[in-house]
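Let me begin by presenting the structure, written as structure tokens, before commenting on it.
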Amino acid sequence: MSYHALQDIQPLRFNGVRDGSPIIIAGPCSAETERQTLDTAHALSAMGVKVFRAGIWKPRTMPGGFEGVGDKGLAWLQAVKRETGMAVATEVATVEHVRAALDAGIDILWMGARTSANPFAMQDIADALQGHDDVTVLVKNPVNPDLDLWLGALLRIMGAGITRLGAVHRGFSSAGAHIYRNDPQWHIPFDLRRMAPHMTILCDPSHIGGKRQYVEQLSQIALDTGFDGLMIESHCEPDKALSDSAQQVTPAVLQGILQRLVVRSGVPVEDELSLLRQQIDDCDHELLAVLTRRMSVAREIGRFKKENNLRVVQPQRYQDMIDARLDEASHLGLNQDFTQRVMQAIHEESVRQQLSLFEKKD
């Protein structure tokens, strides 16, 4: 099955969600007790949330932690569905999870980042979903920033005959200290949108941010950049949560966030916006022209180094260049981390082009 098949996936529809309104899926990271699950669900239902999420099986990085209540939690989700009328969703990671969730009448199954990164697991799950084309399936992005891996996971589910299919962007694991728990790398879900223009793509600000104070900011960014909705973790007592306590918000806090979010028109009508976008296009054209000139100069330098038997990479020159560019960027008001990443990428391409000259035979 080719990537072109994703163009046929249509937007998801949920009962009670008005056309044009963002899809909101909310609930605790984990269903911990029946009381906690139902209390949170009733509070979310009262504020208009139509889809309830809760983890039943929790894959944890380290053994010994809370790994979910298991199958008995499915009965709690059934009670949520019965008492509130909400659709219910849970994460599945194995064939046994899929079968148990389907037997319990769970409306929405999602694959987590660890699962979507494993083609073997995704194929096993796809095989287990054969013949269940009435279920909705969401696939979170893999832990590593690999669009093909995400696309492959989606295509495997499509291959099982699932047409109610969507994606969830939850950011990507990265080494080192960062503001957010997961690196958003927004360009990757944007690329997915180009591949699957009609498919529902949700954003998970809870996992991207890692802390509850970032949920609102990230949610607004997601809506402003064309995501179809949000998947947010909400717990009636988040500080006591057995998993991901720092990133969960109470239903009351979530209600305030949702009320403050601005849903903007997807079709700009202001002439001013069109003019500004044209300026962006012009700047991009200028950037590409400058990069072309820079690479031409880099190749000339490469020829000189080859003729004079010099090493391609000159570490001190590279460090001096980076320091100078960062100092200039600071004076111009540009973010230094952004500037360094851009200059590193440009330098790497310059080195690649110079090395190609050394590989050519005279």
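The values are calculated or read from the model by the stated rules, or taken from the named source; none is laboratory data. Please read all numbers here as calculations on a predicted model, not as lab measurements. We place every Cβ from the backbone using ideal geometry, glycine too, and count neighbours over all the protein chains shown. Surface areas here come from the heavy atoms of the whole protein model, side chains and all, with no ligands, DNA or RNA. Shrake-Rupley method; radii C 1.70, N 1.55, O 1.52, S 1.80 Å.
Here's how it looks for Val139: its modeled amide H is under 5 Å from those of Met111, Gly166, Ala167, Val168, which are all 5 or more places away or on a different chain. Legend: P(r) of the range 71-126 from all alpha carbon pair distances, 5 Å bins from 0, whole percents, reading 4, 20, 30, 19, 14, 9, 4, 1. Total lysine pairs in the chain at Cα distances under 30 Å, for residues eight or more apart or on different chains: 25.
Considering only DSSP beta bridges whose two residues both sit in the chain, what percent are antiparallel, to the nearest 5?
On the way: 1 of 30 bridges.
Once the DSSP bridges in the chain are tallied, antiparallel ones form about 5 percent.
Percent of C-alpha pairs per 10 Å bin in the range 29-89, short distances first: 25, 51, 19, 4.
Ratio of Rg to Rh for the chain: 1.05 [Cα atoms; Kirkwood radius as inverse mean 1/r over pairs]. For the range 117-182 versus the range 288-362, the inter-centroid distance based on Cα atoms is 37 Å. Helices in the chain, meaning DSSP H runs of at least 4 residues, each add -39500 (n - 2.57). Divided by all residues, the mean residue ellipticity at 222 nm is -15500 deg cm²/dmol. The angle separating the long axis of helix 315-332 from the principal Cα axis of greatest extent in the chain is about 70 degrees. At q = 0.12 Å⁻¹, what is the log10 ratio I(q)/I(0) for the range 157-256, with the Debye formula run over Cα points and no solvent? For the requested q values the scattering log ratios are -0.43. When the trypsin sites (Lys or Arg not before Pro) in the range 166-236 are filtered for DSSP coil states and for at most 13 other beta-carbon atoms within 10 Å of their beta-carbon, the remaining sites are Lys211. The apolar share of the surface of the chain, taken as the fraction of accessible area on carbon and sulfur atoms (1.4 Å probe, ligands and nucleic acids excluded), comes to 52 percent. For the chain, the solvent-accessible area of protein heavy atoms averages 53 Å² per residue (probe radius 1.4 Å; ligands and nucleic acids excluded). 3J(HN,Hα) along the range 64-70: x, x, 5, 10, x, 8, x Hz, from the Karplus curve 6.51 cos²θ - 1.76 cosθ + 1.60 with θ = phi - 60°, whole Hz, x for Gly and Pro.
What residue among Ala26, Ala113, Ala252 has the largest mean-square fluctuation in a Gaussian network model of the chain, using Cα springs under 10 Å? Fluctuation is largest for Ala252.
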